[in-house]
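A short worksheet on the structure shown next.
The values are calculated or read from the model by the stated rules, or taken from the named source; none is laboratory data. Worth saying up front: this structure is predicted, and the values here are computed from it rather than measured. Glycine also receives a Cβ, built like all others from the backbone with ideal geometry; neighbour counts cover every protein chain displayed.
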């Protein structure tokens, strides 16, 4: 049994981490912090955990040494305290955006300010096992992943890895997403009466998660367009790109099968019949799968690729636990077996 | 390892059973039948099970002997074949309404026709562990439970068990429910464009599940009023009753605590602060909990009691697996640990 | 053409008033105030009004004399300024709860504090035309109506008016409602991620709107139980009561038809076939109808009566415009002809 | 007063037509046909029309001569009977896809079969006033418009008209849409339990409505990608294209303003603050507006253009009534003044 604690446990990412870690067979959750809910039972904030834990939120100043420390604070906080946190644990997994980018200049370009501890950026591994499994296995410090970045990286992964698409043609990634992405604090537009029934293209391009796609896949001619829809959990990325001349459906199947075979949480969804023929986020709520699909217009070379994930799981806390499993030398899927629900 | 099979695996109840049994540590799923999806992969119908099983739906004629046989057909079918099914397995758990009522006359009154095998009614135990734990432990044949009946039985259980409410005053149970209750086949009114956004009191009284409340709790002056709302999974029962003279909040707490302590899947939800102060079905999707709450108007003796469940779990397949655990002598909660999600 | 202005135009009630008044054939909207949106175009807050008006929100200090002044502020403000407002217009219609109750003691009981101008309470007529049509026609000052109170008063109106139910038996009114009831400001629980998919019985009894039912219908043994469901606009009240001995379906039909015939915005919905057999709020969005239904269990005398309304229309702004029409001597339905949408 | 009738009045398009025509000041609705609801009151199928009309559905064989005949049947029926219909009315407006395309070969390519009356294709004008206002004014026969085609034609109109985008670069139009598009009959996937919460990219390219965009705008390098989301009414088209070298925001504003000024139902939505900064279909339910927005990445020339409509209004019945107004020489906006609701 390894000990773990969470700094920032009352947000949605922290809550999902708590759900996963409290059921994980190899760890014991020692502490979880929250400023706004200090002293409250964890289940008062995350009501699904009632009768699962009697843990109360504690103050960050009271955090003790553990084997793995998870950071789940709002962006911009962890970088100021990373040295203190490193003194508390040999293994740190940060869910925020503080340590996702390697290059301080690149960080500044996308986040609009200097990084507080640029020398720490190089110490972190980008925490997407489908891209960095081996490095994560050896890592002490692993960054989180952006949920939209993950849907985007996964939607392009088989195509980029196998070199099937033209990288000088523009790649447009259309992302549709649920309301849990706006975080537990929300904003003016997240009032149910304003947010229900929406199809709201709130960010046509320039979203910060784009930086993670550029860094990780080496594509530069890429844009992410974000549209909020009426759903709580889930992201679908639909990518439009051009395949290289001569690429066939057979090539595509081969590339996708390779990725699905290497990665326990990747599935190909491409059915000719039934209701669920393409990847859909609704059936992934609570699961760590990334479902991939694709369709090719052979007359034009236009490929439409799809990736569905649960933004709080594969797009945040699920992947963080997957990283912990790798860092600890455990089975990658441990504690992440929940398959999602149907219907839902 | 015990072997299990499911007759009727393509409906919503059957799909939920498959999800639970495929993850259950003590069982191996041998077969699942479906007439309409014969020969298809289970995951083509229940897309959450992709990469979890390669099982295909088979024909009922091909079912082999197993340790536990689950029946998940539409109402009215199992009673015609019960003898054949009994030849296949020593333990049968039926999710339909065929064997819930003990008295053939009472069955006829509520279902409008004679039971096909009235002599079998007495052989079954009503499968709600919170009411019949001991009998289930000894039983060979266990019936399923109606989802609305379960919400109703559970909402009244602490009050009836402790004798706190007047049984000659009317008990009105207002039930709000999601669209998965209408089954995978649906009906004219279940088209999304007609069913979304509804508050539809489709049955003011006379619902068949009322019979299970009368039989199990011995209350007769009770009515269930059914209102469809915009949700896929979940039921909330809100009961209005009169407490006996002199009953206090202290008495109520004592009665509820007793039930919660005796039953691992019962929780009391009664908070003074936070967002989740009362039982709510949304956080129970996929979980087997029955969340109970109550409020008393001491000036009038009017009690408002609430029970939230997932209709496909505690109201159907979850309770069926809980019964299997008891029948097999296993821990009652085995394979039912998923706590539900927040947010969702 | 009569001139009208609105004090408090940026909330949901104010926005709905603006929509109705800007299309009303007999009035000209002069001004609308907002503190938080001062100087902004009305259509920036109420985006449906883009290209319908170039009006900007003004300060309350700049309001000029008009023929009819609407007050749509949060509760508790209008009573402090009623004399100033009365100097600006001969006719005042207040949508808030400030002037709904006639008796200062009764007001204090339900609102927990003394009324600021108790002598003004008697000057107002309760603004529900179905109860006070003649007085409203003569009135200078008309109060608004609570949305839940309106659903409750309308659900009981045919029964109480015709003397068909026992008033010493308890009357339980179960109210299911949408998120626009919480107002444009919202609260912690109205974040979409928390509010979506809910069935949340947030107030079992004691809701302030109960006072309006007691005052207007003279029933005392009545409780309102409030349950939030996933919908933006709409309220359904389901009332449980006992009919007097000997009351038949024929008596009920007669009572309901009388009310429907006298009131242009009352409809009876009681069909034997089709999808829409009972009153449903979803098809009433934007309309001023109150749809009534009922069902009687003749064996017990238990009546289940239903009333569906749009909380922002018949439950607030629509009724306010209906009152204006009566006060001005116009056709009661003027500017209120929109029938609602199907599907929606 | 002109007389009008509707062949095919029980579907969603027919119901919306009935709502509009029954309130239209210049027309009298004589008849509406329905095979499946023959003899039923219109309000039993379209419950919003209760107390607005006592019309019953009649048989198509009983249709009498009228001034304007609307056809609202499923695709493929009107073309077989067009000569009979033409004998009944001088003016015909067809909402189906039977007469949208001018070239019989092009029709066959997209619909997979020969047109039954190819000689009639040339007699019809494509019924989108924003493209063919003058011809419609003179026309006897006007076709309907595809809802997704309309969102696509409108999203590109300002750009194509002003020649601002490169037509040899691919134009990807991402369409998100509600469940009313699947028609009143629905399909397996439209069961609420399967259709709620979806983000389902059911057609990556090849949708038949593409043909209307190619024909009407003369663009060939265009694809429509269809994604179903959880909403009943509404479509958002998000188009990705490349502007020509040197095109600036000023050019774009000029092009959009020109279109908005010429067309009473076109609005530009492009705000810097507030919740509603971009076009959104939810606030358009029941309205005939097409809301347009755009954003330009000047570094790459990537333009993201948006168009939101109500698929049953601007995308079908609203545009049909707008055409009738033009054909009859009336104000284009007559009977189409409803602005939509907020919140909703």
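Observations on the structure shown:
- Flag if residue A:223 is in contact (Cβ under 8 Å) with a residue 40 or more places away in the chain and within 13 Å of chain D (Cβ to nearest Cβ): yes
- Filter pass, residue C:148 being buried (at least 24 other Cβ atoms within 10 Å of the Cβ), touching a strand residue (DSSP E or B) at 6+ places or on another chain (Cβ under 6 Å) and more than 9 Å from every other protein chain (Cβ to nearest Cβ): yes
- Of everything in the range D:15-32 that is part of a helix (DSSP H, G or I) and more than 11 Å from chain C (Cβ to nearest Cβ), the residue that is surrounded by the most Cβ atoms within 10 Å (Cβ to Cβ) is D:17.
- Residue in the range D:153-189 that is surrounded by the most Cβ atoms within 10 Å (Cβ to Cβ), counting only those that are in contact with a helix residue (DSSP H, G or I) (Cβ under 9 Å, 6 or more places away or on another chain) and at pLDDT below 95: D:181
To keep it simple, each residue is scored yes or no on (1) farther than 24 Å from residue A:325 by Cβ; (2) modelled with pLDDT of 95 or more; (3) surrounded by 20 or more Cβ atoms within 10 Å (Cβ to Cβ).
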position: A:61; (1), (2), (3): yes, yes, no
position: A:70; (1), (2), (3): no, yes, yes
position: A:83; (1), (2), (3): yes, yes, no
position: A:88; (1), (2), (3): no, yes, no
position: A:93; (1), (2), (3): no, yes, yes
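- The set of residues from the range D:33-61 being away from chain C (no Cβ under 14 Å) and outside any loop (DSSP other than H, G, I, E, B) comprises D:33, D:58, D:60, D:61.
- Failed item, numbered, when residue C:208 is tested on (1) within 14 Å of chain B (Cβ to nearest Cβ); (2) assigned to a loop (DSSP other than H, G, I, E, B); (3) touching a helix residue (DSSP H, G or I) at 6+ places or on another chain (Cβ under 9 Å): (1)
- Hey, residue B:228 under 20 Å from the mean Cα position of the chain (by Cα) and within 12 Å of chain C (Cβ to nearest Cβ) or not: yes
- Qualifying residue in the range A:236-252 (condition: surrounded by 17 or more Cβ atoms within 10 Å (Cβ to Cβ), within 30 Å of residue C:195 (Cβ to Cβ), within 8 Å of chain D (Cβ to nearest Cβ) and in contact (Cβ under 8 Å) with a residue 60 or more places away in the chain): yes
- Identification of strands (runs of 3 or more DSSP E) wholly contained in the range A:253-344 with 3 or more residues that are within 14 Å of chain D (Cβ to nearest Cβ) yields A:290-297, A:302-309.
- For residue B:197, the criteria (1) in a loop (DSSP other than H, G, I, E, B); (2) touching a helix residue (DSSP H, G or I) at 6+ places or on another chain (Cβ under 9 Å); (3) touching a residue at least 40 places away in the same chain (Cβ under 8 Å) hold in every case but one, which is (3).
- Of the residues screened, residue D:166 is one that is in contact with a strand residue (DSSP E or B) (Cβ under 7 Å, 6 or more places away or on another chain), touching a residue at least 24 places away in the same chain (Cβ under 8 Å) and over 23 Å from residue D:312 (Cα atoms).
- Pairs are defined by a Cβ separation below 7 Å, a sequence spacing of at least 6 or placement on different chains, a first member in the range C:89-106 that is free of Cβ contacts under 8 Å to residues at least 24 places away in the same chain, and a second member that is assigned to a loop (DSSP other than H, G, I, E, B); the pairs so defined are C:104/C:115.
- Residue check, residue B:69 touching a helix residue (DSSP H, G or I) at 6+ places or on another chain (Cβ under 7 Å) and within 14 Å of chain A (Cβ to nearest Cβ): no
- Test result for residue B:73, part of a loop (DSSP other than H, G, I, E, B), without any contact (Cβ under 8 Å) to a residue 24 or more places away in the chain and more than 23 Å from residue B:331 (Cβ to Cβ): no
- Of all residues in the range C:125-178, those satisfying the criterion of being over 16 Å from the mean Cα position of the chain (by Cα) and either under 30 Å from residue C:84 (Cα atoms) or in a helix (DSSP H, G or I) (or both) are C:134, C:135, C:137, C:138, C:139, C:140, C:141, C:158, C:159, C:160, C:161.
- Condition check for residue C:201: at the interface with chain B (Cβ under 10 Å from one of its Cβ atoms) and surrounded by 18 or more Cβ atoms within 10 Å (Cβ to Cβ): yes
- The condition (being assigned to a loop (DSSP other than H, G, I, E, B), crowded, with 16+ Cβ neighbours inside 10 Å, out of contact with any strand residue (DSSP E or B) (no Cβ under 6 Å at 6 or more places or on another chain) and modelled with pLDDT of 95 or more) is satisfied by just one residue among D:97, D:116: D:97.
- Of the candidates B:335, B:315, the single residue that is under 28 Å from residue A:343 (Cβ atoms) and crowded, with 23+ Cβ neighbours inside 10 Å is B:315.
- Among the candidates B:155, B:125, B:142, residue that is free of Cβ contacts under 8 Å to residues at least 24 places away in the same chain, in contact with a strand residue (DSSP E or B) (Cβ under 8 Å, 6 or more places away or on another chain) and more than 14 Å from chain D (Cβ to nearest Cβ): B:125
- Answer from A:290, A:285 - the residue that is crowded, with 24+ Cβ neighbours inside 10 Å, out of contact with any helix residue (DSSP H, G or I) (no Cβ under 6 Å at 6 or more places or on another chain) and over 18 Å from residue A:137 (Cα atoms): A:285
- Pick from the range A:221-236, criterion touching a helix residue (DSSP H, G or I) at 6+ places or on another chain (Cβ under 6 Å) and in a loop (DSSP other than H, G, I, E, B), ranking: farthest from residue B:344 (Cα to Cα): A:234
- Residue A:239 passes every criterion in (1) within 18 Å of residue A:176 (Cβ to Cβ); (2) assigned to a loop (DSSP other than H, G, I, E, B) apart from (2).
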